[in-house]
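Single-structure report; data block below.
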Amino acid sequence: MKGQCTLKFNNDGLIPVIAQDVDTNEVLMLAYMNQEAFKKTLETGIAHYWSRSRKKLWMKGETSGHIQRVESIRIDCDNDALLLKVKQEGAACHTGNFSCFYREIV
């Protein structure tokens with residue numbers, strides 16, 4: 001990391017993470033990390049998240065092969081949200097869509 005900061009995890013020990021395509025700036029997904037997921041992401045350069053439904057650590061793409069190679073990690077002004085700029089391999093969304101934000105309301 002270029003700068004030192006103290007991450008502010010919520011009461012569940014999680015911090016929200018936006019994954020954004022490094023080339024197009026398209027927002028791909030919203031996920032959550034705990035301290036272990038953050039550490040594994042830093043160590044491997046591959047996005048790791050905390051699955052709230054499965055209650056376990058997971059590497060993005062561990063079953064689909066659609067991994068996210070992390071190019072940079074940014075933190076917001078309050079230290080309570082992260083932005084990952086990633087090289088997305090395959091679809092980011094479990095539905096098969098490139099981005100989880102494929103549906104327009106208005």
The set of cysteines in the chain having no other cysteine's C-beta under 4.7 Å reads C5, C77
Between the modelled labels at E89 and N11 (7 Å from Cα along Cα→Cβ) the distance in nm is 4.0 nm
Residue separation between D76 and K55 times 0.36 nm, minus their alpha-carbon distance, gives in nm 5.0 nm
Listed with the fewest Cβ neighbours within 10 Å leading, Y49, Y32 appear as Y32, Y49
Matching label for the computed Rg/Rh (Cα atoms, Kirkwood Rh), out of (i) 0.95; (ii) 1.25; (iii) 0.98, is (i)
For the chain, longest principal axis from Cα atoms; helix 35-44 axis from its Cα atoms; angle between them, nearest 10 degrees, is 70 degrees
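Counting only other residues whose beta carbon sits under 14 Å from that of V27, what net charge do I get with K and R as +1, D and E as -1?
Working: positive: R74, K85, R103; negative: D21, D23, E26, E104.
Combined, the nearby Lys, Arg, Asp and Glu give -1.
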Distance in nm between E26 and F101 label points, each 7 Å along Cα→Cβ, equals 1.2 nm
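Quick note: the coordinates plus some simple rules give every number you see, no bench work behind them. All values reported here derive from a predicted model rather than from experimental measurement. No Cβ is skipped: glycine too gets one built from the backbone with ideal geometry, and neighbour counts run over all protein chains shown.
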